[in-house]
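The values are calculated or read from the model by the stated rules, or taken from the named source; none is laboratory data. Source: prediction; values computed, not measured. Because the Cβ atoms are built from the backbone with ideal geometry, glycine has one as well, and the counts that use them run over all protein chains shown.
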Amino acid sequence: MTAIAWAYLVHLARHPSSAQEYEAMMAAMGMAVDRPWTATDFFFTFAMWAVMMIGMMAGSAAPVLLLFAATRRGRDQHGVPVSVLFFGVGYLTVWIGFSAGAALAQWALQRAALLSPAMSTSNPWLSAGILIVAGIYQLSAFKGACLTECRSPLGFLMSRWREGNVGALRMGIAHGVFCLGCCWALMVILFAVGIMNLTWVAVISGVVLIEKIAPGGAAIARIAGVTIIGAGLYVLFGG
């Protein structure tokens, strides 16, 4: 899923195959600034965000999903049970909901003429504000609590275990909520650096993965927070 999502993003950003596809890409990326968005524009923008979130977050969710699969397989004694799929659907549902909110935010920025042709905020004060708020959130206790849950798949499963497919769905949603609380501010940075800037998408994906699985992930999150605040101050005063 991660590979397919990234392949689509690369195709969308770099390889339009026709003029019609290019126009569709511009609409999907919120660059049709000379006319109001249609329902189709919003749908493709939402789809772009949803695919991007799958590409960025599925890899970091692998540890808890694989552990859940191993646990269920051990209990059921055969194959990988359907409950694993329900867990994954629950997790992705949270990020698809975030994608809808991000698409709405992109629509609002486009309508207010605050989105540049590079798909980043065109107002440096707004860009700086996004970066500084995101950096401060990285240092917050709430971020730390959510990151702790994300870094401990075994602890999460032991404390929030639910039986059955509905229980697995609820567990997936719960883990997705913790993951959203951990990472939403990093995703919002894309509005400041470029929504479809694949270099920054890859960098943020890497930070998310390192925070969750690397030794000292909490310290890395704080270092990232200080760095992001510094970038915001540079945009505000030195850019």
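The table below gives the values:
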item: Residue among 159, 127, 122 that alone is out of contact with any Phe, Trp or Tyr (no Cβ under 9 Å at 6 or more places or on another chain) and closer than 20 Å to residue 188 by Cβ; result: 122
item: Every residue from the stretch 133-154 that is of a type outside the set (Phe, Trp, Tyr) and more than 21 Å from residue 215 (Cβ to Cβ); result: 133, 134, 135, 136, 140, 141
item: Filter result for residue 227 (more than 25 Å from residue 97 (Cα to Cα), out of contact with any Leu (no Cβ under 9 Å at 6 or more places or on another chain) and surrounded by fewer than 16 Cβ atoms within 10 Å (Cβ to Cβ)); result: yes
item: Total residues in the stretch 164-181, condition under 18 Å from residue 50 (Cβ atoms) and of a type in the set (A, V, I, L, M, F, W, C); result: 4
item: Residue among 114, 92, 126 that alone is surrounded by 14 or more Cβ atoms within 10 Å (Cβ to Cβ), touching a Ser or Thr at 6+ places or on another chain (Cβ under 9 Å) and not hydroxyl-bearing (Ser, Thr, Tyr); result: 114
item: Sole exception among (1) surrounded by fewer than 20 Cβ atoms within 10 Å (Cβ to Cβ); (2) farther than 18 Å from residue 127 by Cα; (3) in contact (Cβ under 8 Å) with a residue 40 or more places away in the chain for residue 163, by number; result: (3)
item: Among the residues listed as 186, 233, 157, 169, the single one being in a helix (DSSP H, G or I) and under 15 Å from the mean Cα position of the chain (by Cα); result: 186
item: Qualifying positions in the stretch 135-150 - in a helix (DSSP H, G or I) and either surrounded by fewer than 19 Cβ atoms within 10 Å (Cβ to Cβ) or among the aromatic types (Phe, Trp, Tyr) (or both); result: 136, 137, 141, 142, 144, 145, 148
item: Leading residue by the ranking (surrounded by the most Cβ atoms within 10 Å (Cβ to Cβ)) among those in the stretch 1-29 that are closer than 24 Å to residue 112 by Cα and modelled with pLDDT under 50; result: 23
item: The stretch 110-134, residues that are modelled with pLDDT under 90 and part of a helix (DSSP H, G or I); result: 110, 111
